[in-house]
Amino acid sequence: NSKANHSATHLMHSALREILGETDQQKGSLVNEEKLRFDFSHTGKLSEVEINEIEQIVNAEIQKSSITQTNIMSFQGAIDSGALAFAEDKYGDEVRVVSLGGDFSVELCGGTHVNATGKIGLFKILSEGSTSSGIRRIEATTGANALNYLNDKEALLNKIGALVKNKDLKKGVEQLITTNKTLEKQITTLKKANAGNVKD
């Protein structure tokens with residue numbers, strides 16, 4: 001749900017800063033019932049290893065199932081305590097600070113969250129790409145939606161396995177590609193020979 005996706009956004013933001021460095025800044029986010037979207041400043045494409053590391057960090061925090069803490073304090077007090085704030089947001093003298101995983105994620109936020117990280121259930125990144133120069137976007141999902149996504153992927157892999165008639169999907173697909181290239185070469189050779197016969 002949207003609460004789980006919102007809390008997962010905070011956890012993912014902290015994981016991103018851990019993996020990519022604290023210079024990467026949030027540039028926007030969107031949360032709904034199905035998924036979360038997070039834009040951030042970064043110069044290059046995230047590697048498969050980095051994406052896996054981010055997922056592992058977030059899911060490790062989910063498994064700890066730590067209680068979500070919220071505190072009302074002065075804006076300056078929040079900043080002095082290390083809470084993250086964003087220049088594009090407008091804050092009053094008093095702010096709400098949300099802490100997830102203890103001090104793992106501490107941000108100024110007025111939105112709704114799960115009462116414990118374990119309620120997120122599961123976190124899965126769906127895609128990572130560029131929206132404009134220097135800005136990357138991650139889309140992810142949580143809980144039942146994440147499980148449904150993984151089940152759909154598994155079903156697709158099973159269908160591909162049946163089509164290629166090989167338990168080793170990678171090897172089966174590679175064999176199909178090799179066979180296809182061989183047939184293409186044979187067709188090209190036959191076309192050339194046929195064209196010569198017609199001319200004769």
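Numbers below:
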quantity: Mean separation of Cα contacts under 8 Å (6+ apart) over length of the chain, as relative contact order %; calculated: 23 percent
quantity: Calculated SAXS-style log₁₀ I(q)/I(0) at q = 0.28 Å⁻¹ - region 128-200, Debye, Cα scatterers; calculated: -1.10
quantity: Sum of side-chain charges, K185 neighbourhood, beta-carbon under 14 Å (Lys, Arg +1; Asp, Glu -1); calculated: +2
quantity: Cα-based helix-to-principal-axis angle, 48-64 vs the chain, degrees rounded to 10; calculated: 40 degrees
quantity: Projected label distance in nm at E50 and K192, using a 7 Å step from Cα toward the beta-carbon; calculated: 4.5 nm
quantity: Region 45-200 - percent of accessible surface contributed by carbon and sulfur, probe 1.4 Å; calculated: 54 percent
quantity: 1.4 Å probe accessible area per residue over the chain, in Å²; calculated: 61 Å²
quantity: Segment S132-Q63, extension gain: residue separation times 0.36 nm, minus the distance between their alpha carbons; calculated: 21.4 nm
quantity: Which listed pairs, of K159/K185; K3/K165; K124/K159, have C-alpha distances above 32 Å, in listed order; calculated: K3/K165
quantity: Where labels lie 7 Å past Cα in the beta-carbon direction, separation of R96 and K171 in nm; calculated: 5.6 nm
quantity: Kirkwood hydrodynamic radius of region 1-117, from inverse mean 1/r over distinct Cα pairs, in Å; calculated: 14.7 Å
quantity: Kirkwood Rh in Å, taken over the chain so that all alpha-carbon pairs contribute; calculated: 19.9 Å
quantity: Highest-MSF residue in the chain out of K185, K153, K170 [GNM, Cα springs under 10 Å]; calculated: K185
quantity: Net charge over other residues, Cβ less than 14 angstrom from the Cβ of V164 (K, R count +1; D, E count -1); calculated: +3
quantity: Cα-based helix-to-principal-axis angle, 143-164 vs the chain, degrees rounded to 10; calculated: 10 degrees
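The values are calculated or read from the model by the stated rules, or taken from the named source; none is laboratory data. All values derive from a computational prediction rather than experimental measurement. Virtual Cβ from ideal backbone geometry, glycine too; neighbours counted across all protein chains shown. Accessible surface is based on the protein model in full, side chains and every heavy atom, while ligands, DNA and RNA are left aside. Shrake-Rupley method; radii C 1.70, N 1.55, O 1.52, S 1.80 Å.
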